1. Determine, yes or no, whether A:F146 is closer than 23 Å to A:D56 by Cα and either of a type in the set (A, V, I, L, M, F, W, C) or surrounded by fewer than 18 Cβ atoms within 10 Å (Cβ to Cβ) (or both).
2. Which of the residues belonging to the stretch A:161-175 are assigned to a helix (DSSP H, G or I) and at pLDDT below 95?
3. So, in the stretch A:14-49, how many residues would count as being away from every other protein chain (no Cβ under 12 Å) and surrounded by fewer than 17 Cβ atoms within 10 Å (Cβ to Cβ)?
4. From the list A:E52, A:E6, A:E70, exactly one residue is at pLDDT 90 or above, among the acidic types (D, E) and out of contact with any Pro (no Cβ under 6 Å at 6 or more places or on another chain). Which is it?
5. Can you tell me which condition A:K126 does not meet? The list is (1) basic (K, R); (2) at pLDDT below 90; (3) under 20 Å from B:K33 (Cβ atoms), and all the others hold.
6. What's the number of the only condition in (1) of a type outside the set (D, E, K, R); (2) within 11 Å of chain B (Cβ to nearest Cβ); (3) closer than 20 Å to A:M148 by Cα that A:M82 fails to meet?
7. In the stretch A:50-65, how many residues are over 19 Å from A:K35 (Cα atoms) and buried (at least 17 other Cβ atoms within 10 Å of the Cβ)?
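The values are calculated or read from the model by the stated rules, or taken from the named source; none is laboratory data. It should be emphasised that the depicted structure is a prediction, and the values quoted were computed from it without experimental measurement. Every residue, glycine as well, gets a Cβ built from its backbone with ideal geometry; the counts of neighbours run over all protein chains shown.
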Amino acid sequence: MWEKEEFMEIVEDGYIIGLLREKQEQKAFRLLVDKYKERLYWHIRKIVISHEDTDDLLQNVFLKIWQGLEEFRNDSKLYTWMYRIATNEALNFLSEKNRKVYGNSDEISVYLENTLESEVYFSGDKIQKELQKAILTLSERQRLVFNMKYFDDLSYEDMAAVLGVAVGTLKATYHNAVKKIEESLKIVDVLN
Amino acid sequence: MDDFSDKYRKKNPFSVPDGYFDNLTERIVKQVKKQEKAEKNSSPLRKVRLYMGVAAGFLLALFVLQILFWGIQDYSQKERQENSQLVVEMEEEDIFDSHFNPTTEEIIEYLVAESDNYDLILATIN
């Protein structure tokens with residue numbers, strides 16, 4: 001049942017859900033991993049910054065997806081359901097890291113900035129690094145919303161389904177996040 | 001916002017090791033299989049642990065009941081002993097005092113004094 005499919009195509013979520021209904025969970029799971037591994041990877045990566053941590057977390061996320069497939073209900077989109085699992089896993093990781101390293105003193109942004117500075121797998125230029133640093137000055141929720149909207153191009157409706165927050169609140173959060181980033185970058189421009 | 005987007009470009013600045021995504025599906029599927037196998041293997045042990053837990057709980061409950069039972073028994077025995085002691089003391093002090101030998105007249109006087117039903121007592125004596 002776990003055999004590799006040689007010609008794996010990008011399939012529709014509806015087809016995968018159909019396989020789940022037919023109790024072909026293993027085939028459905030392989031298709032899911034193939035379709036969403038990159039999107040979920042980048043979503044987690046923007047939250048935790050480090051490639052190594054993202055790789056570990058992605059394994060855990062797919063394990064949880066596999067374990068939850070039987071309970072997955074068709075009342076939410078497969079994509080937003082997986083995105084929610086990935087978001088929770090990444091935020092729990094940061095929360096645990098904050099507790100262990102800083103004793104809950106809420107200095108996780110310091111840790112993330114250090115991680116960004118030392119990250120080997122960063123191919124952006126100086127301006128993009130400044131943008132990432134400015135993003136790290138945002139609150140956790142602002143950072144999530146900004147990344148999901150700006151980089152992942154998620155609709156507010158999908159974001160609302162993932163984060164469990166009203167669309168109006170998300171719009172306001174994104175607006176405030178952009179303003180805060182622009183202010184941070186202006187200061188950087190003046191300093192340079 | 002447009003200026004902002006133009007200047008910073010919606011480009012993902014992060015990268016991954018070469019070929020990272022190529023074998024990622026296989027790695028994840030393999031890891032999940034491994035985890036599933038580990039859970040299956042550990043499940044009999046978990047069952048044994050569960051049974052042991054239930055058995056330990058049952059024994060503990062029996063032990064507690066036993067202690068409670070002993071406690072009740074001990075209390076009853078103690079109570080019985082105290083009661084018999086009280087009887088003995090009462091017997092010694094009042095009822096069968098060997099120095100107290102009332103005459104029939106004294107008994108009648110006592111009963112009359114203790115009871116309002118004088119006629120009934122007299123009828124009983126006669």
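1. Numbers: closer than 23 Å to A:D56 by Cα: no; either of a type in the set (A, V, I, L, M, F, W, C) or surrounded by fewer than 18 Cβ atoms within 10 Å (Cβ to Cβ) (or both): yes.
Considered against the rule, which asks whether it is closer than 23 Å to A:D56 by Cα and either of a type in the set (A, V, I, L, M, F, W, C) or surrounded by fewer than 18 Cβ atoms within 10 Å (Cβ to Cβ) (or both), A:F146 comes out as no.
2. Within the stretch A:161-175, A:A161, A:V162, A:L163 meet the criteria.
3. Final tally of qualifying residues: 8.
4. Just one listed residue meets the conditions, A:E52.
5. Status for A:K126: all satisfied but (3).
6. The failed condition is (2).
7. Our first condition is that a residue be over 19 Å from A:K35 (Cα atoms); within the stretch A:50-65, this holds for A:50-53.
When the remaining residues are screened for being buried (at least 17 other Cβ atoms within 10 Å of the Cβ), the result is A:50-51, A:53.
Residues in the stretch A:50-65 being over 19 Å from A:K35 (Cα atoms) and buried (at least 17 other Cβ atoms within 10 Å of the Cβ): 3 in total.
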